[in-house]
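For reference, the structure discussed in these notes is given below.
The values are calculated or read from the model by the stated rules, or taken from the named source; none is laboratory data. Just so we're clear, the structure is a prediction, and the values are computed from it rather than from any experiment. For accessibility, only protein heavy atoms count, side chains too; no ligands or nucleic acids. Shrake-Rupley method; radii C 1.70, N 1.55, O 1.52, S 1.80 Å.
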Amino acid sequence: MNQFERNTASSEETSQFAQRLAALLQPGDVIALEGDLGAGKTTFTKGLALGLEIKKTVNSPTFTIIKEYHGRLPLYHMDVYRVEDALEDLGFDEYFEGEGVTVVEWAHLIEEQLPEARLTIYLYHESDDKRRIVLVPKGKRYEELCKEIFQ
């Protein structure tokens, strides 16, 4: 399995990397975000939002599960940490197949509902503001996307 890695030394660098990725995203793209609490999932999503030209402040949808933002493309930001039943039908597929970009924090909790083709991003808290970002593409679209961002 191909994977791509990037280290960042600050939250600004993490955000800038996410902004570069956002510039390459297309309608229907799905990003699964994984990482411990405080690893930078929301910081990464905020960077994606900036790259998608979203003006509204992005914050974690912890208690609402899904928040929608509008910019160059809609951003569907999901936090499924509190979803109790992974098989419960909450209509996620409507977002995955929608006109925007879907970002799912704690995506492994709804693995069965995720589309096969997606980009999984693991964020590791190395120290203070340092992060190791690992991108694991599933599907040709996401392999090409990773190659392009890492040129």
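Solvent-accessible area per residue for the chain at a 1.4 Å probe radius, Å²?
Roughly 52 Å² per residue, with all protein chains present.
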Flagged as over-length at 19 Å C-alpha distance, from Lys46/Lys67; Lys67/Lys138; Lys41/Lys67, the pairs are Lys67/Lys138
Of every hundred units of 1.4 Å-probe accessible area on the chain, the number belonging to carbon and sulfur atoms, as a percent, is 45
Of all DSSP beta bridges having both residues in the chain, the percent classed as antiparallel (nearest 5) is 60
Ratio for the chain, C-alpha Rg to 2.2 N^0.38 Å, reads 0.95
With all protein chains present and a 1.4 Å probe, the order of Tyr122, Tyr69 from largest accessible area down is Tyr122, Tyr69
Once all protein chains are kept in place, Glu97 shows an accessible area at probe 1.4 Å, nearest 10 Å², of 140
